[in-house]
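To start, the structure under review is shown below, and the notes come after it.
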Amino acid sequence: MSDLRVVVIGAGMAGILAGIKLQEMGIDNVSIYEKADRIGGTWRENTYPGLTCDVPSHHYTYTFERNPDWTRHLPPGPEIQAYFERTCEKYGIDKLIRFNTGISRAEFQDGRWQLTLSTGESDSADIVIAATGVLHHPSYPHIEGMNDFEGAIFHTARWDHSVALEGKRVGVIGSGSTGVQIISALAGVAARVDHYVRTPQWIMPVNNGYFSEEERAAFRADPELLAEAMDVDSYNAGVEAYTLGLTQPQSEGAQFFRQACFDNFENSIRDPDLKEQLRPDHEPMCKRLIFSPDYYEKIQHPDARLVRTDIERIEAGGIRTVDGELHELDVIALATGFRADQFMRPMEIVGRDGMNLETLWARRPVAYLAISMPDFPNFFMLNGPNGPVGNFSLIDIAEHQWHYIAQLIDKVRGGECAEISTTRQAMEDFDTARVEAAKKTVWYTGGCKSWYLDADGVPASWPWNYSRFVEEMSEPNWEHFEAA
Ligand code: NAP
């Protein structure tokens with residue numbers, strides 16, 4: 001097909017990647033639809049104090065666009081957002097993006113995707129790439145009285161920057177990566193910060209030092225020096241060890257991460273009572289591991305307080321815990337995570353012969369290799385359901401997925417077929433094997449609940465090691481696809 005039209009949904013990290021790669025492939029009839037007024041996805045929506053990515057800075061970039069200018073070993077949120085904005089401009093992706101325009105419906109009819117935009121307009125495409133992200137629907141807790149609070153209350157992904165925090169009493173509900181980063185940022189800044197922790201988590205120590213101006217200038221001047229400092233091979237070996245740790249809880253990698261968490265816990269908390277209250281009751285890595293250079297130090301700050309007593313309700317003046325105590329507050333931040341099973345929903349997607357995505361996903365989101373679904377021809381996902389998620393770079397994951405998707409697109413572009421999607425059998429076999437493997441991972445065996453688990457309690461993630469993922473992404477197994 002000579003003038004292939006491709007529509008990409010979402011202008012976050014993965015959508016921008018798709019735009020750049022499509023251009024590289026010489027496909028220029030491309031539109032990227034973005035519901036918001038700016039690019040950035042996660043990094044646009046999350047602006048909370050202390051926002052950081054826990055992947056080492058120099059690995060949290062596209063492989064083709066390294067960034068010598070990171071100021072810290074772990075990239076601060078605003079620098080990540082600026083990096084994506086710069087990259088978007090440099091590669092001319094801005095001109096492909098239509099902002100303030102979501103896609104509300106997509107239906108495969110007569111060999112093409114017919115799209116209804118949120119503006120009411122229509123469009124159509126030969127190929128659709130869903131790059132809508134995983135963690136973008138805030139999960140609000142069900143706590144009685146939330147509307148009665150007279151101070152400011154908001155989800156961490158909807159941070160209200162009009163609310164000054166200095167001198168205020170702030171309560172943070174939730175002890176995932178977000179809650180922990182906020183406590184680190186606010187202890188000693190707010191008059192008081194209370195951390196409401198229902199389930200204490202393991203904390204992996206990490207260095208978050210600064211790159212000096214001299215180092216950054218040297219990286220700018222000599223890309224090889226930057227490549228050397230990054231040491232991609234040893235980073236990838238670390239990711240491999242990490243994924244082995246998740247999937248084979250007795251492996252050396254698992255022992256390493258476990259021991260580092262135990263040592264950090266044992267050596268960092270002075271007060272024995274506080275220590276007992278912070279002691280997790282599950283295996284390290286069962287929940288997504290938290291990497292923090294200073295949470296234990298900050299929760300011991302004189303202006304910080306750990307609250308382990310369950311919340312009974314929220315009242316006008318603050319949070320009342322089940323022991324009857326009212327914790328008076330001016331601000332409540334809900335670090336209560338996201339609904340991780342939504343992906344491109346609430347968009348309505350109808351595939352071949354009227355097959356509705358809601359029907360296919362009635363039990364749980366499924367996709368062959370996280371990329372393709374039967375009866376949804378020429379519809380491919382980046383960071384789709386059950387793909388790898390963890391403490392490693394989702395940019396790297398998306399690049400590998402793109403390498404795979406590009407080969408599917410090439411079949412259509414080269415005229416070998418007009419439509420391509422995985423077979424029902426291939427997806428069923430894949431999902432059966434995935435679920436079986438998922439039940440052997442520490443996410444399942446480690447004695448915890450987390451957002452990794454689907455409604456049936458099965459981890460909704462890639463349950464094998466990293467090298468298997470890289471191998472699978474190198475080339476499609478064409479027997480697992482049907483083309484017409
Ligand atoms: P999360 O990991 O899902 O944590 C949600 C927290 O809210 C948990 O501690 C949970 O407690 C608590 N919670 C939920 N409902 C509650 C209720 N009704 N009462 C009391 N506590 C309640 O969410 P997150 O911290 O926003 O992180 C989500 C994901 O975003 C991370 O796992 C990560 O993938 C990503 N993230 C990454 C970074 C990074 O550095 N790369 C930073 C931030 C976020 P329970 O544990 O008891 O359920």
On the basis of being at positive phi, at pLDDT 95 or above and buried (at least 17 other Cβ atoms within 10 Å of the Cβ), does residue 384 make the cut? no
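Could you pull out the residue among 179, 245 that is on the phi < 0 side of the Ramachandran plot, buried (at least 21 other Cβ atoms within 10 Å of the Cβ) and in contact with a Phe, Trp or Tyr (Cβ under 7 Å, 6 or more places away or on another chain)?
Numbers: 179 fails: in contact with a Phe, Trp or Tyr (Cβ under 7 Å, 6 or more places away or on another chain).
Answer to the check: 245.
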Failed condition for residue 344, given (1) at pLDDT 95 or above; (2) more than 16 Å from the ligand (Cβ to nearest atom), with all others met? (1)
Restricting to helices (runs of 4 or more DSSP H) lying wholly in segment 390-484: which have 1 or more residues that are of a type in the set (D, E, K, R), touching a helix residue (DSSP H, G or I) at 6+ places or on another chain (Cβ under 7 Å) and surrounded by 15 or more Cβ atoms within 10 Å (Cβ to Cβ)? 394-413
Filter segment 280-318 down to residues that are assigned to a loop (DSSP other than H, G, I, E, B), within 14 Å of the ligand (Cβ to nearest atom) and hydrophobic (A, V, I, L, M, F, W, C) and give me whichever is surrounded by the fewest Cβ atoms within 10 Å (Cβ to Cβ). 289
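If you go through segment 295-342, how many residues are hydroxyl-bearing (Ser, Thr, Tyr) and touching a Leu at 6+ places or on another chain (Cβ under 8 Å)? Give the steps one after another, and end with the answer.
Just the residues of segment 295-342 that are hydroxyl-bearing (Ser, Thr, Tyr), to begin with: 295-296, 309, 321, 336.
Those left that are additionally touching a Leu at 6+ places or on another chain (Cβ under 8 Å): 296.
The qualifying residues number 1.
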Selection count, segment 344-364, where residues are touching a residue at least 40 places away in the same chain (Cβ under 8 Å), crowded, with 21+ Cβ neighbours inside 10 Å and more than 20 Å from residue 411 (Cα to Cα): 2
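Output the number of residues of segment 172-215 satisfying the condition of being over 19 Å from residue 290 (Cβ atoms) and touching a strand residue (DSSP E or B) at 6+ places or on another chain (Cβ under 6 Å).
4
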Out of curiosity, is residue 227 touching a residue at least 12 places away in the same chain (Cβ under 8 Å), within 14 Å of the ligand (Cβ to nearest atom) and of a type in the set (A, V, I, L, M)? no
Check 193, 197 and return the single one that is within 15 Å of the ligand (Cβ to nearest atom), of a type in the set (A, V, I, L, M, F, W, C) and within 19 Å of residue 156 (Cβ to Cβ). 197
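Could you please find all residues in segment 14-26 being out of contact with any helix residue (DSSP H, G or I) (no Cβ under 7 Å at 6 or more places or on another chain) and among the aliphatic types (A, V, I, L, M)? Reasoning before the result, please.
Step one: list which residues in segment 14-26 are out of contact with any helix residue (DSSP H, G or I) (no Cβ under 7 Å at 6 or more places or on another chain), which gives 15, 20, 22-24, 26.
20, 22, listed by residue number.
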Out of curiosity, is residue 145 surrounded by 15 or more Cβ atoms within 10 Å (Cβ to Cβ), more than 12 Å from the ligand (Cβ to nearest atom), of a type in the set (Gly, Ala, Ser) and over 30 Å from residue 484 (Cα atoms)? no
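The values are calculated or read from the model by the stated rules, or taken from the named source; none is laboratory data. Source: prediction; values computed, not measured. When we count neighbours, we look across all protein chains shown, and the Cβ atoms used for this are built from the backbone with ideal geometry, even at glycine.
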